[in-house]
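As structure tokens, the structure follows; a few thoughts come after it.
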Amino acid sequence: MKRSLKRTASALTHLIALLSLAMLPFQLLANQDTTMHTTVIVNFPLGADTTVEQAKALYEASVPMYKDLPGLIRKYYLFGEGGIGGGVYLWESREAAEAVYTDEWKKGLTERLGAEPTVTYFSSPVIIDNAQ
């Protein structure tokens, strides 16, 4: 009888472990925001002789345009070697992003910088935020 109980307990332990593993994807989904966020990368030439200080001043002047913008979660301004500028934007949805990156927006940026920006959209199915 003891041996039978041990086998039953062992079988139940394995069954519970298997069920826990089977439920893991559902638990992960339940603990995450199921909204598909959109990441957008915008690039534009600033000029090879542009300094990081000049880029920073240009970017700071644009902060009011993006502060509290509906749908924008986060924005990072970029400055790369060779005078490449840009931004990485995390949006609540593609629709929110597309509402900003209009032909008028591109035209205004092109007039200010002298070159047309490139805009690339990405779906962001998983986001890791180590700050939280």
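The values are calculated or read from the model by the stated rules, or taken from the named source; none is laboratory data. What you see is a predicted model; the values in this text were computed from it and never measured. All Cβ positions, glycine included, derive from the backbone under ideal geometry; neighbour counts span all protein chains shown.
Of everything in the range 44-99 that's in contact with a Pro (Cβ under 9 Å, 6 or more places away or on another chain) and hydrophobic (A, V, I, L, M, F, W, C), which residue is farthest from Arg112 (Cα to Cα)?
Once the filter is applied, the top-ranked residue is Ala96.
When the range 87-118 is examined, which residues are found to be β-branched (Val, Ile, Thr) and farther than 19 Å from Pro70 by Cα?
Restricting attention to the range 87-118, the residues satisfying the condition of being β-branched (Val, Ile, Thr) are 88, 100, 102, 110, 118.
Scanning the range 87-118 gives Thr110, Thr118.
Which condition number in (1) out of contact with any helix residue (DSSP H, G or I) (no Cβ under 8 Å at 6 or more places or on another chain); (2) not in a helix (DSSP H, G or I) is the one that Tyr77 fails?
Every listed condition holds for Tyr77 apart from (1).
Condition first: of a type outside the set (Phe, Trp, Tyr), closer than 19 Å to Val88 by Cβ and in a helix (DSSP H, G or I). Now tell me which residues in the range 105-121 satisfy that.
Lys106, Leu109, Leu113
All but one of (1) of a type in the set (A, V, I, L, M, F, W, C); (2) in a helix (DSSP H, G or I); (3) surrounded by 17 or more Cβ atoms within 10 Å (Cβ to Cβ) hold for Val63; which doesn't?
(3)
Identify, please: which residue in the range 85-112 is aliphatic (A, V, I, L, M) and at pLDDT 95 or above and is, among those, nearest to Ser123 (Cα to Cα)? Step through it out loud before you land on a result.
So the first thing to find is which residues in the range 85-112 are aliphatic (A, V, I, L, M), and the list is 88, 90, 96-97, 99-100, 109.
Imposing the further condition that a residue be at pLDDT 95 or above reduces the set to 88, 90, 96-97, 99-100.
On the way: Val88: 13, Leu90: 10, Ala96: 13, Ala97: 11, Ala99: 16, Val100: 17 Å.
By that ranking, first place goes to Leu90.
Name the residue that is surrounded by the fewest Cβ atoms within 10 Å (Cβ to Cβ), counting only residues in the range 66-95 that are out of contact with any strand residue (DSSP E or B) (no Cβ under 8 Å at 6 or more places or on another chain) and within 18 Å of Asn43 (Cβ to Cβ). Spell out how you get there, then give the answer.
Taking the range 66-95 as the starting set, the residues that turn out to be out of contact with any strand residue (DSSP E or B) (no Cβ under 8 Å at 6 or more places or on another chain) are 67-70, 81-82, 95.
If we keep only those that are within 18 Å of Asn43 (Cβ to Cβ) too, we end up with 81-82.
Details: Glu81: 6, Gly82: 9.
If we take residues in the range 66-95 being out of contact with any strand residue (DSSP E or B) (no Cβ under 8 Å at 6 or more places or on another chain) and within 18 Å of Asn43 (Cβ to Cβ), then Glu81 is surrounded by the fewest Cβ atoms within 10 Å (Cβ to Cβ).
(1) at pLDDT 50 or above; (2) out of contact with any strand residue (DSSP E or B) (no Cβ under 8 Å at 6 or more places or on another chain); (3) assigned to a helix (DSSP H, G or I); (4) small (Gly, Ala, Ser): which one isn't true of Ala11, the others all being true?
So the condition that Ala11 fails would be (1).
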